[in-house]
Amino acid sequence: MRRSFFLVLAVMIFGIAGSVYANLDDFDGPDLSDIWTYRDPAGKAEVSFEGGMMVLDLTEGADMYIRGTDAGVMLLTDPPAGNNFSVEMMLNAAVDDAQPPACQVGIVFFNEADWAYSAWGPYSDTDIRLEDCADAAYRWRDDIGVAVDLGDVDIDQDLWLKVVRSGDDLEFFTKGSAGDDWVSGGVESTLTSHYTNGDYQVGIIAKSWGGSVDGVFEIDYFDIPEISTTAVAPADKMATTWAGIKK
């Protein structure tokens, strides 16, 4: 009886720890989590799950930039209520050995009513860059100046991206290995007036620009630590579980 008691307790403890430290979405499938609003207005993507990853298979022309050009693919979820949080993801942009040309994948902040977005991630196989737009005011990498060049971080089968919001500032990071230090591409605050509570979402964006080739991307996980690590209250949960066991 005593052995069974501690076995049950150990399973519960480790189960709770796993839930506390799990990412917001580890894309284990077989279906898309209900945290997401899936946005694919032009029907450009097929979504599947394989090997613990979500696979986004885009046909050409999944283009999105100024208002009226709306064929990009996004998975969107609500951010935390405050203006101090981080968004992180890991992806494979080089499924077929190299990222397809004229394609981009990564983290997005998106306000549909204002048609304002900030997209941070690898572009082709040339760099990791920020591109953004508000209505018709689209800005290319050279206009913004937030980017990380190859040589500092490789675009290969393991790429980490992170955006940290601190008040009105967004800082954009990347790294190429789990144990590496984050490399900052720069800080931007031009569009944060569009990102106010209740007016925007955050998530994943994937684009294969008009006239370009198809693109395939694998997403390993997506996380907002301020949400995922507070989704379970371990102290309260432990007290309830312990009381239940003792009975």
(message) I need a count of the residues in segment 185-208 that are free of Cβ contacts under 8 Å to residues at least 24 places away in the same chain and in contact with a strand residue (DSSP E or B) (Cβ under 7 Å, 6 or more places away or on another chain).
(response) 1
(message) Being of a type outside the set (A, V, I, L, M, F, W, C), surrounded by fewer than 15 Cβ atoms within 10 Å (Cβ to Cβ) and in the same structural domain as Tyr200 (by TED's automatic domain parsing) narrows it down to one residue among Ser124, Ser86, Ser177, Ser118; which is it?
(response) Ser177
(request) Give just the number: which of (1) of a type outside the set (A, V, I, L, M, F, W, C); (2) touching a Lys or Arg at 6+ places or on another chain (Cβ under 7 Å); (3) within 18 Å of Ile144 (Cβ to Cβ) does Asn111 not satisfy? (result) (2)
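Can you pull out every residue in segment 126-143 that is outside any strand (DSSP E or B) and farther than 20 Å from Leu159 by Cβ? It would help to see each step written out before you state the result.
Kept after step one, since they are outside any strand (DSSP E or B), are these residues of segment 126-143: 126, 135-136, 140-143.
Answer for segment 126-143, where residues must be outside any strand (DSSP E or B) and farther than 20 Å from Leu159 by Cβ: Asp135, Ala136, Trp140, Asp142, Asp143.
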(message) Would you confirm, using the coordinates I've provided, whether Asp132 is in contact (Cβ under 8 Å) with a residue 60 or more places away in the chain and either in contact with a Leu (Cβ under 9 Å, 6 or more places away or on another chain) or buried (at least 20 other Cβ atoms within 10 Å of the Cβ) (or both)?
(response) no
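Kindly establish whether Val55 is in contact with a Ser or Thr (Cβ under 6 Å, 6 or more places away or on another chain), in a strand (DSSP E or B) and within 15 Å of Glu218 (Cα to Cα).
Working: in contact with a Ser or Thr (Cβ under 6 Å, 6 or more places away or on another chain): yes; in a strand (DSSP E or B): yes; within 15 Å of Glu218 (Cα to Cα): yes.
Against the criterion (in contact with a Ser or Thr (Cβ under 6 Å, 6 or more places away or on another chain), in a strand (DSSP E or B) and within 15 Å of Glu218 (Cα to Cα)), Val55 qualifies.
Do you know which residues across segment 22-43 are free of Cβ contacts under 8 Å to residues at least 60 places away in the same chain, outside any loop (DSSP other than H, G, I, E, B) and surrounded by fewer than 16 Cβ atoms within 10 Å (Cβ to Cβ)?
Correct list: Tyr38 only.
The values are calculated or read from the model by the stated rules, or taken from the named source; none is laboratory data. Every value quoted in this text rests on a predicted model; they were computed, and no experiment measured them. All Cβ positions, even for glycine, are placed from backbone atoms using ideal geometry, and neighbour counts span all protein chains on display.
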